[in-house]
Amino acid sequence: MKPLRALIFDVDGTLAETERDGHLPAFNAAFAEAGLDWHWDGPLYGHLLNITGGKERIRYYASHFAPEVAARPDFDALVRKLHLTKTAHYVRRVEQGRLPLRPGVARLINEARQAGIRLAIATTTAPENVDALLKASLGPEAVSWFEVIGAGDIVAAKKPAPDIYQWVLERLKLTAADCLAIEDSENGLKSALTAGLRCLITVNEYTSDQDFSGACGVLSDLGAISLKELSRQNT
Ligand code: XBP
Ligand code: MG
């Protein structure tokens, strides 16, 4: 049994309920600001979440629901602008304290730090979103607690591809067997498993009906699991 040496956290849906309370309203605010009559509601967003990456999600939506916009010669520039605007709206919502951490997350992060277990992030979201969430929820020093933050476009192939977890493992200089991934979605689970990691799932309203075959555990949240039990998940 290899001792647990690092926890690698996913962000969206795992650290906080960021999709429902952050990204979705931020996307809609960006569309309105751009004068687009696009409005993503909860059920549609739940479907669109199968596409990881905000820019990729916008592209997918336009190609399927607004082909006339996708055909515009300035579409690439429009996607970039929409995503920058959306990220600004998201960060503002985070900084307003509207996205609290999910149960048990802060406690486990503190317990891991006290136990000398290293921390990292492997997420599809933009790095500025990660910084904002960690600072707003754990304080200005919190970003430095995570030795490696793998986020957004740092890898070309996003989840469910394993690239982001492989990128993080390389910079931690650890093997997959040394670490445990904590995720919320089927895409995130596939990414972690393909990278050779054991993965604990904490479900949320968007992911509760997904297929978590291969996960070492599926929980409603981290509120009741101790670091010791978490360490045992890594055997
Ligand atoms: C979830 C994602 C991200 C967010 C939106 O990331 O797929 O794309 O939905 O963030 P995670 P961006 O791996 O943390 O679950 O618009 O910055 O991509
Ligand atoms: Mg997630």
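Before moving on, here are some points about what is shown:
- Residue in segment 6-16 that is more than 14 Å from ligand 2 (Cβ to nearest atom) and more than 19 Å from the chain's Cα centre (by Cα) present: no
- Failed item, numbered, when Val143 is tested on (1) over 22 Å from Glu17 (Cα atoms); (2) away from ligand 2 (no atom under 16 Å from the Cβ); (3) in contact with a strand residue (DSSP E or B) (Cβ under 8 Å, 6 or more places away or on another chain): (1)
- Selected residue [away from ligand 1 (no atom under 11 Å from the Cβ) and under 15 Å from the mean Cα position of the chain (by Cα)] from Leu180, Leu134, Leu138: Leu134
- When the test is whether a residue is at pLDDT 95 or above and in the same structural domain as Ser185 (by TED's automatic domain parsing), Ala66 does not pass it.
- Residue within segment 35-44 that is in a helix (DSSP H, G or I), surrounded by 15 or more Cβ atoms within 10 Å (Cβ to Cβ) and not assigned by TED's automatic domain parsing to the domain that holds Asp10 present: no
- Note on segment 150-166: residues that are at pLDDT 95 or above and in a loop (DSSP other than H, G, I, E, B) total 7.
- Filter result (over 15 Å from Thr18 (Cα atoms), buried (at least 16 other Cβ atoms within 10 Å of the Cβ) and either charged (D, E, K, R) or near ligand 1 (Cβ under 9 Å from one of its atoms) (or both)) within segment 52-68: Lys55, Arg57, Ile58, Arg59
- All positions within segment 159-186 that are surrounded by 21 or more Cβ atoms within 10 Å (Cβ to Cβ) and within 14 Å of ligand 2 (Cβ to nearest atom): Lys159, Ile164, Tyr165, Ala181, Ile182, Glu183, Asp184, Ser185
The values are calculated or read from the model by the stated rules, or taken from the named source; none is laboratory data. This one's a predicted model, so the numbers in the text were calculated from it and none came from an experiment. Heads up, the Cβs are rebuilt from the backbone with ideal geometry, glycines too, and the neighbour counts pull from every protein chain shown.
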